Amino acid sequence: MPIRPRRLRQNPYLRQTLQGVSLSVRDFILPVFLIEGQNQKRAIASLPGVYQMSPDVAIKWLSERATEGFLAYLLFGVIDSSKKDDTGSEALNADNVVCTFLRLACERQLPMLGITDLCFCEYTSHGQCGILSADQSTVKNDETVARLVTQAINHCHAGAGMIAPSGMMDGTVGALRAGLDAAGFDQIPILSYAVKYASAFYGPFREAAQSAPAFGDRKSYQMNPAASIDEAIREATLDVAQGADLVMVKPAGAYLDVIARVRQAVQVPLVAYQVSGEYAMLESASQAGWIDHDRAVLESLWGIKRAGASLIISYYGEILVKLLGK
Ligand code: PBG
């Protein structure tokens, strides 16, 4: 038997040198849930190990991550429900918690790229991602897009280094590019949540961001999880044509085929979002003793990288430093 693939698996050093997929802290974008106030740090029951933090606490946490080599973070604003209204007007307040954080990060010279999630679901009383139609049956596309442009410009004035529209409204990227260019932000890249599914895996996030829809669902704007791959490619291609500098596929774990195919279809870097439910599944199964935590986490991330992601958004923050050293 001359051909024995197992020959390459006998020596541990050889196994390691031949490892084709590698991960480093540089591959990760760390999500941050910002709450108002000072010295606030709140646990999120369905995301053990992840916290809502006030800007001062978040700066301190991210500074530690920066010393570990992490380069980028993604901001979500979480506001008091008393400030929510049906248009999500707090999202457009230039002094809201996201803008406050960005200014503080500039002042403290936090050595990382600050990306902001652009959406209204954390700010609307109904929890939908934009302005509702009169009969409340759907989100109005163009009115929502116009407000996203204002939100993005505010974030850029406050110091955002990249913006990430997550609402799945048609034409968002083109409108943002034109709006940002006109406001003098032609060098700020757009990371488009181009391929975003109406997924059950966002459950814990909605607790973390206090953004669950009060009624209905997001199926009229987010994609059908069982949609054909053509729809994913169409969304990604459209966003690149409108000027997206990077595209995202979200969630990651159940959509590795989508990551691989979109990767081939567009030439811009692809970002995959390992979402809250993916994290919660890994954490809960390992807490129960049903899977080996560290090995399962690494395996989930290797899969995403191997499928073709250039960058991964993941709730695995500081623990990665330990895991990647293994
Ligand atoms: C929308 C947004 C969501 C997530 C990121 N941005 C929630 C949604 O679309 O319902 C989910 C991320 C996660 O589950 O980790 N602002």
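Taken over region 14-30, the residue count meeting the criterion of being open to solvent by 80 Å² or more (accessible area, probe 1.4 Å) and of a type in the set (Asp, Glu) is 0.
Residues in region 303-322 that are at pLDDT 95 or above and in a helix (DSSP H, G or I) were compared, and the one that is farthest from Phe201 (Cα to Cα) is Arg306.
Restricted to helices (runs of 4 or more DSSP H) entirely inside region 189-302, those with at least 3 residues that are at pLDDT below 95, out of contact with any Asp or Glu (no Cβ under 8 Å at 6 or more places or on another chain) and within 16 Å of the ligand (Cβ to nearest atom) are 203-208. Filter region 96-146 down to the residues that are acidic (Asp, Glu) and open to solvent by 10 Å² or more (accessible area, probe 1.4 Å), then identify the one that is farthest from the ligand (Cβ to nearest atom). Ranking the qualifying residues of region 96-146, first place goes to Glu107. The set of residues in region 75-113 that are small (Gly, Ala, Ser) and either under 19 Å from Gly167 (Cα atoms) or in contact with an Asp or Glu (Cβ under 8 Å, 6 or more places away or on another chain) (or both) comprises Gly77, Gly88, Ser89, Ala91. Would you pick out the residues in region 152-179 that are in contact with a strand residue (DSSP E or B) (Cβ under 7 Å, 6 or more places away or on another chain) and open to solvent by 30 Å² or more (accessible area, probe 1.4 Å)? The answer is Gly159, Arg177. Looking across region 154-188 at every residue that is in a loop (DSSP other than H, G, I, E, B), closer than 20 Å to Ile131 by Cβ and among the hydrophobic types (A, V, I, L, M, F, W, C), the one that is farthest from the ligand (Cβ to nearest atom) is identified as Met169. Which of the residues belonging to region 293-309 are free of Cβ contacts under 8 Å to residues at least 60 places away in the same chain and surrounded by fewer than 17 Cβ atoms within 10 Å (Cβ to Cβ)? Those that are free of Cβ contacts under 8 Å to residues at least 60 places away in the same chain and surrounded by fewer than 17 Cβ atoms within 10 Å (Cβ to Cβ): His293, Asp294, Arg295, Ala296, Glu299.
The values are calculated or read from the model by the stated rules, or taken from the named source; none is laboratory data. Worth saying up front: this structure is predicted, and the values here are computed from it rather than measured. No Cβ is skipped: glycine too gets one built from the backbone with ideal geometry, and neighbour counts run over all protein chains shown. These area figures cover heavy atoms from the full protein model, side chains too; ligands, DNA and RNA do not enter into them. Shrake-Rupley method; radii C 1.70, N 1.55, O 1.52, S 1.80 Å.
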